[in-house]
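To keep things clear, I will list the structure first and then write my remarks on it.
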Amino acid sequence: MAGPATRSTSTTWRRRSRTWAGSELRACESLVVQILRHLAKLAAGGRPQPHAGWRRAATAFRLSLARRLTPAIRGRLEAGYAGLWRDAARLAAADFAADEPDFTPTPPAEPPFSLDEVLDLDWWPGGEG
């Protein structure tokens, strides 16, 4: 027969599991925003010098995301993808405003890249290789 300690331990374990899953989702959302931010900057153009750095950063974020991604998290990312794009677009616009004030493109309102493209280590805007 399960005593109070067993029930308490089981409840604590479920609560910790939900907390862990929520923090993993937030981490993956953050990684998608950072990938989108860098892809948006690559797609917009500007000076060619920072492109290699943006590609390196996007690749590092993609690799980190690939290690954390589960089917359940991917489904949640797909459901909230438009909101993640809006966050990334704001960040990319702020980056351009701070770093290239003479070149301030307006990111599109809707995501120009699919989640599959975001996750693909070999995909780059404009077919850059």
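The values are calculated or read from the model by the stated rules, or taken from the named source; none is laboratory data. The structure presented is a predicted model; accordingly, all values stated were derived computationally and were not measured. All Cβ positions, even for glycine, are placed from backbone atoms using ideal geometry, and neighbour counts span all protein chains on display.
Some values worked out for this structure:
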| read-out | value |
| --- | --- |
| Qualifying positions in the range 23-72 - of a type in the set (D, E, K, R), under 18 Å from residue 114 (Cα atoms) and in contact with an Asp or Glu (Cβ under 7 Å, 6 or more places away or on another chain) | 41 |
| Matching helices (runs of 4 or more DSSP H) fully within the range 22-121 where at least 1 residues are in contact (Cβ under 8 Å) with a residue 60 or more places away in the chain and surrounded by 12 or more Cβ atoms within 10 Å (Cβ to Cβ) | 51-68, 115-119 |
| Number of positions in the range 11-59 that are over 19 Å from residue 91 (Cα atoms) and modelled with pLDDT of 85 or more | 3 |
| Test: residue in the range 121-128 that is more than 17 Å from residue 24 (Cβ to Cβ), in contact with an Asp or Glu (Cβ under 8 Å, 6 or more places away or on another chain) and either of a type outside the set (Lys, Arg) or at pLDDT below 95 (or both) | yes |
| Residue list for the range 58-76, filter: among the polar types (S, T, N, Q) and more than 11 Å from the chain's Cα centre (by Cα) | 59, 70 |
